[in-house]
Amino acid sequence: KAGVTQTPRYLIKTRGQQVTLSCSPISGHRSVSWYQQTPGQGLQFLFEYFSETQRNKGNFPGRFSGRQFSNSRSEMNVSTLELGDSALYLCASSLRDKSNEKLFFGSGTQLSVL
Amino acid sequence: AQSVSQHNHHVILSEAASLELGCNYSYGGTVNLFWYVQYPGQHLQLLLKYFSGDPLVKGIKGFEAEFIKSKFSFNLRKPSVQWSDTAEYFCAGRKGSGDKLTFGTGTRLAVRP
């Protein structure tokens, strides 16, 4: 069974540009969540989707947005990129949206903003 | 705001030493707690989780954690570490259904052979 797939693996952008990151969950998983990982900050929660509905949103500016499609694949978009957006963006999927559910993580997309 | 804190940012141990990594949470009421591990070059993966029942939870690779409600703690332990335990460890928590999963800042463990 394939794991969580994130594309692209690496991305280099300049300030002011926008970027779209993609996540394909494990087959059959309906819940997808996104995290921003930076050294010293750990994982900061961005959003969580279940069956195309956003269930939770973290404390990020409106430049960060996401969506989930009917096949459970998810995308996140960051507009007007800033230097501070450089980070590893992780996607995780789970079978259900239960609070004790185990998350399966992808390898992440490493975004560098120059 | 609900939070999860890890006090040890970097830990260095020799093989066979005992390990305890601290984790505290600020949730009241029902809580679900997790430890995830990220080995070098690998995905984050679940070590163990607590959601109800026996407060002593056993996970993979000989790890265990104890939920102590009175101390708002969920410390990770292993009696004897191996070089292969070198990794970054993250504590995470959430309230009941509908709450987001909050991670601590992580603890980097280096085990000397």
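Observations on the structure shown:
- When residues of region A:5-50 are limited to those that are exposed (fewer than 14 other Cβ atoms within 10 Å of the Cβ) and within 14 Å of chain B (Cβ to nearest Cβ), the one nearest to A:Tyr89 (Cα to Cα): A:Arg9
- Residues (among the aliphatic types (A, V, I, L, M), more than 25 Å from A:Glu101 (Cα to Cα), out of contact with any Leu (no Cβ under 7 Å at 6 or more places or on another chain) and surrounded by 13 or more Cβ atoms within 10 Å (Cβ to Cβ)) located in region B:10-32: B:Ala17
- Within region B:35-72, tally of residues that are among the small types (Gly, Ala, Ser) and crowded, with 17+ Cβ neighbours inside 10 Å: 2
- Among (1) surrounded by fewer than 21 Cβ atoms within 10 Å (Cβ to Cβ); (2) at the interface with chain B (Cβ under 9 Å from one of its Cβ atoms); (3) of a type outside the set (Phe, Trp, Tyr) - the single one A:Leu90 does not satisfy: (1)
- Pair list, Cβ under 7 Å, 6 or more apart: region B:83-112 residue closer than 12 Å to B:Val37 by Cα, other residue part of a helix (DSSP H, G or I): B:Leu109/B:Asp85
- The residue pairs whose first member lies in region A:88-114 and is within 27 Å of B:Tyr50 (Cβ to Cβ), whose second member is charged (D, E, K, R), and whose beta carbons are closer than 6 Å, counting only pairs six or more residues apart or on different chains, are A:Ser94/A:Glu101; A:Ser99/B:Arg94.
Listed here are the residues, each with its yes/no results for (1) in contact with a strand residue (DSSP E or B) (Cβ under 8 Å, 6 or more places away or on another chain); (2) more than 8 Å from every other protein chain (Cβ to nearest Cβ); (3) modelled with pLDDT under 95.
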{"residue": "B:Val31", "(1), (2), (3)": "yes, yes, yes"}
{"residue": "B:Leu47", "(1), (2), (3)": "yes, yes, no"}
{"residue": "B:Ala65", "(1), (2), (3)": "yes, yes, no"}
{"residue": "B:Lys69", "(1), (2), (3)": "no, yes, yes"}
{"residue": "B:Asn75", "(1), (2), (3)": "yes, yes, no"}
{"residue": "B:Cys91", "(1), (2), (3)": "yes, yes, no"}
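The values are calculated or read from the model by the stated rules, or taken from the named source; none is laboratory data. The structure presented is a predicted model; accordingly, all values stated were derived computationally and were not measured. Don't worry about glycine lacking a Cβ; one is built from the backbone with ideal geometry, like all the others, and counts go over all protein chains shown.
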